[in-house]
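Everything on this sheet refers to the single structure shown next.
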Amino acid sequence: MKKHRVVLDIGIEGADKWEAVFRNIDNLRADLGANNVEIEGVIHGKAWPLLVRPEKGGAVEFHPKVEAAIRSGVKLVLCENTMKRNKLEKPDVLPYAATVTSAIGELVKKQTDGWAYLKLGV
Amino acid sequence: MKKHRVVLDIGIEGADKWEAVFRNIDNLRADLGANNVEIEGVIHGKAWPLLVRPEKGGAVEFHPKVEAAIRSGVKLVLCENTMKRNKLEKPDVLPYAATVTSAIGELVKKQTDGWAYLKLGV
Amino acid sequence: MKKHRVVLDIGIEGADKWEAVFRNIDNLRADLGANNVEIEGVIHGKAWPLLVRPEKGGAVEFHPKVEAAIRSGVKLVLCENTMKRNKLEKPDVLPYAATVTSAIGELVKKQTDGWAYLKLGV
């Protein structure tokens, strides 16, 4: 088990705020050591385009950052309740991303398991 | 003791955001199991109308949801510092709700006791 | 070790929100007992003027509150990543404040050590 584990609450909208998400992840790995911190970002609400295919309204300009983060070991998951509210199906999600039953449930489960919590956005 | 315990930080304003509060609570109970999670929502700042009587400016259209949540076992409490700042007295609070000395103190005490924390709102 | 320890996530902008930061700190100490709670406020993003010298764009009207909080035992630290993004050097920081490598890293480290977490702002 890595020394630090943190679940990120990501419900924010807009390119500036999404840029900050990836900057935050980079800063966290640089500060704590990439091998020393396990990161899971839980995407919900208006942040859903980060993890959805371009033809379904996904934010294609962020997908290289999403894919790079996942390939480097960061987990990024999409809330299935958010998917339902936006009429999205599992095949609409980027193939390298995953989903969780509910963002809020996931954020609680991880904290019950001892993970730290951060709400991103101002 | 239930497996999961979570304190919700609720200081947001507006019908859309208040709808999301109750949707979040429903999603949380559906995901984790209503018998498996203890929930306390701490209301402060501009969210005060959720727990205040209509004749004192309370948000009457949300009171059925507030009452249903409390009757189903969710605890919803109002910050007494917020009450003072808004010239509200204890009889102005909905009879089925409770108060706490300070929202911020309550949110810390619960975490010291091992509860998870979620900041609601974008 | 004090009974309660809490790290505050402070990235908000504007006089109203900064007033609320210090009101929150006062309320927390009044509720839990000043000798019973250890508080560290982590300043980042658009909140940086709170801890920066007036001649570098600091929010001089808040500095008496900042200094009083620090002298009373509250730790207030500025994110060095935020400093770089705003072209600020260590001598630009108020002499009684400190800095941390990254806000996000500090907020995780403290939680790993058992501290509670609060995101300030609505």
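The values are calculated or read from the model by the stated rules, or taken from the named source; none is laboratory data. What you see is a predicted model, and the numbers here were worked out from it, not measured in a lab. Virtual Cβ from ideal backbone geometry, glycine too; neighbours counted across all protein chains shown. Accessible surface is based on the protein model in full, side chains and every heavy atom, while ligands, DNA and RNA are left aside. Shrake-Rupley method; radii C 1.70, N 1.55, O 1.52, S 1.80 Å.
Buried (at least 18 other Cβ atoms within 10 Å of the Cβ), over 27 Å from residue C:6 (Cβ atoms) and not aliphatic (A, V, I, L, M): is that true of residue A:115 in this structure?
no
From (1) out of contact with any helix residue (DSSP H, G or I) (no Cβ under 8 Å at 6 or more places or on another chain); (2) within 24 Å of residue C:102 (Cα to Cα), pick out the condition that doesn't hold for residue A:31.
With (1) out of contact with any helix residue (DSSP H, G or I) (no Cβ under 8 Å at 6 or more places or on another chain); (2) within 24 Å of residue C:102 (Cα to Cα) applied to residue A:31, the lone miss is (1).
Quick one: how many residues across segment A:89-109 are assigned to a helix (DSSP H, G or I) and closer than 23 Å to residue A:49 by Cβ?
Summing the residues that are assigned to a helix (DSSP H, G or I) and closer than 23 Å to residue A:49 by Cβ in segment A:89-109 gives 8.
From C:108, C:93, C:100, C:77, grab the single residue that is among the hydrophobic types (A, V, I, L, M, F, W, C) and farther than 30 Å from residue A:5 by Cα.
C:93
Would you check if there is a residue in segment C:53-65 being more than 14 Å from chain A (Cβ to nearest Cβ), open to solvent by less than 10 Å² (accessible area, probe 1.4 Å) and more than 26 Å from residue B:7 (Cα to Cα)?
Taking every residue of segment C:53-65 in turn, at least one turns out to be more than 14 Å from chain A (Cβ to nearest Cβ), open to solvent by less than 10 Å² (accessible area, probe 1.4 Å) and more than 26 Å from residue B:7 (Cα to Cα).
Just for segment A:14-52: of the residues that are open to solvent by 30 Å² or more (accessible area, probe 1.4 Å), within 14 Å of chain C (Cβ to nearest Cβ) and touching a strand residue (DSSP E or B) at 6+ places or on another chain (Cβ under 7 Å), which one is farthest from residue A:85 (Cα to Cα)?
Filtering segment A:14-52 for residues that are open to solvent by 30 Å² or more (accessible area, probe 1.4 Å), within 14 Å of chain C (Cβ to nearest Cβ) and touching a strand residue (DSSP E or B) at 6+ places or on another chain (Cβ under 7 Å), the one farthest from residue A:85 (Cα to Cα) comes out as A:36.
Taking the residues in segment B:72-122 that are of a type in the set (Phe, Trp, Tyr) and closer than 18 Å to residue A:107 by Cα as candidates, determine which candidate is nearest to the other protein chains (Cβ to nearest Cβ).
B:117
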